[in-house]
1. Using 0.36 nm per residue of separation minus the Cα-Cα distance, give me the extension gain between Tyr42 and Tyr227 in nm, one decimal.
2. Place a +1 charge on the Cβ of each Lys and Arg in the stretch 173-304 and a -1 charge on the Cβ of each Asp and Glu, then give the dipole magnitude about the Cα centre in debye, rounded to the nearest 20.
3. When only the heavy atoms of the protein chains count and the probe is 1.4 Å, how do Arg304, Arg181, Arg41 rank by accessible area, highest first?
4. Do the alpha carbons of any pairs in Lys107/Lys313; Lys39/Lys313; Lys39/Lys107; Lys107/Lys168; Lys198/Lys313; Lys107/Lys318 sit beyond 32 Å of each other, and which pairs?
5. Might you work out the accessible area of Lys107 for me, using a 1.4 Å probe with all protein chains in place, and round it to the nearest 10 Å²?
6. Counting only residues 5 or more places away or on other chains, whose amide H sits under 5 Å from the amide H of Phe48 once H atoms are built in the peptide plane?
7. By DSSP, what percent of the beta bridges with both residues in the stretch 216-322 are antiparallel, rounded to the nearest 5?
8. Which sequence of Leu240, Leu49 reflects their accessible areas, 1.4 Å probe, from the largest down?
Amino acid sequence: MGLSGCTSIGPRTVARDRFDYITAISDSWKSQMLLNLVKLRYGDAPVFLDIASVINQYGIESSFGFSGNWTQNAQPPWPYSALYNWLGTGRYAERPTITYSPLSGEKFARSLMTPIPPAAILNLLQGGYPVDLVLRLTVHSVNGIQTRYGGGARMRTADPEFYPFVQKLREIQQSGDLGMRVRKTGEQTSTLVVFSRKPNPAIQAARDEVRKFLGLDPKSEEFSVVYGSVASSDREIAILTRSMLEILIDLSSYIDVPESSAMERRTFPTPPPEVVNGTPVAPLIRILSSPENPGDAFAAVPYRQDWYWIDDKDLASKRLFSFIMFLFTLTETGDKQGAPIITVPVG
């Protein structure tokens, strides 16, 4: 007599696996991003490895059996004798299949070398992201007004009018007076920056100053947005955007590298903070270094003999670091490539 069975434990593992894999993928992405920032600071080449798919198979099998026999004895005192056997087996199997896809070739060029479209930057502003943060991070210049850039031979400080310009623009954004509109003419689509036709009197002066900074028509309420460094008219805003690679190079300049690395010319010294009206400008991100693992950190990676990390108590740096992931999606301009087809055996 025997019994056997096979059952699936998949439904009970969905919640556990989803959170476990999300946590693992998120932590590995943060480490990969931070490591590439450090490598760029030291002149090393960045390498990105995407996770294309995660498949996990579970199986549990069990069997139970009973056997026995009895015989009649020819001699007393026991006329009968019996032998019984209980049999049981079980097997549990877990087969995770994780597919990795290196970022290289055309995909690398598209994701890291393509400048972010100006329309995508306006979408970020429309979504509520602070205009001063977005422009400092993603833009080289707006109508010729240049931002700070910390990348190697192109290292420069921001133009004197940049920070007053973004401060006034931030006031307009907070008042709700700044918006955008998409206009389609035939097959061409253009994006417009729109000021409210019923402006708030409290920010009228800020609107006038922004127009003055950018050389815009003081009577117009709509301005076309184009990619470039020079506007063709006083009703156009030319935005020279950065690629994802340029953004990473700029962020890497904020890393607080050990003094010995700069003295030995392994990398350049950390540039001093910019000063506006006697007040230092806060860095976009703070990445610290130490000889030992800091332990309680938002993200930490070893590189050569030192550790580089973001303090878990530095909320501004954590928010900006997480924001970088969203920027990757803005540079996907080509056809989407599907994940590789994987055949999973059944049974």
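The values are calculated or read from the model by the stated rules, or taken from the named source; none is laboratory data. The structure presented is a predicted model; accordingly, all values stated were derived computationally and were not measured. A quick note on method: Cβ atoms are made from the backbone with ideal geometry, for glycine too, and the neighbour counts reach across all protein chains shown. The accessibility values were calculated without ligands, DNA or RNA, using every heavy atom of the protein model including side chains. Shrake-Rupley method; radii C 1.70, N 1.55, O 1.52, S 1.80 Å.
1. Numbers: separation 185, 0.36 × 185 = 66.60 nm, distance 3.09 nm.
Value of the extension gain: 63.5 nm.
2. 480 debye
3. The residues order as Arg304, Arg181, Arg41, largest area first.
4. Details: Lys107/Lys313 35 Å; Lys39/Lys313 24 Å; Lys39/Lys107 20 Å; Lys107/Lys168 38 Å; Lys198/Lys313 42 Å; Lys107/Lys318 27 Å.
From Lys107/Lys313; Lys39/Lys313; Lys39/Lys107; Lys107/Lys168; Lys198/Lys313; Lys107/Lys318, over 32 Å: Lys107/Lys313; Lys107/Lys168; Lys198/Lys313.
5. So the heavy atoms of Lys107 present about 50 Å² to solvent.
6. Amide H neighbours of Phe48, under 5 Å, 5+ apart: Leu103.
7. Numbers: 11 of 16 bridges.
Once the DSSP bridges in the stretch 216-322 are tallied, antiparallel ones form about 70 percent.
8. Largest accessible area first, the residues go Leu49, Leu240.
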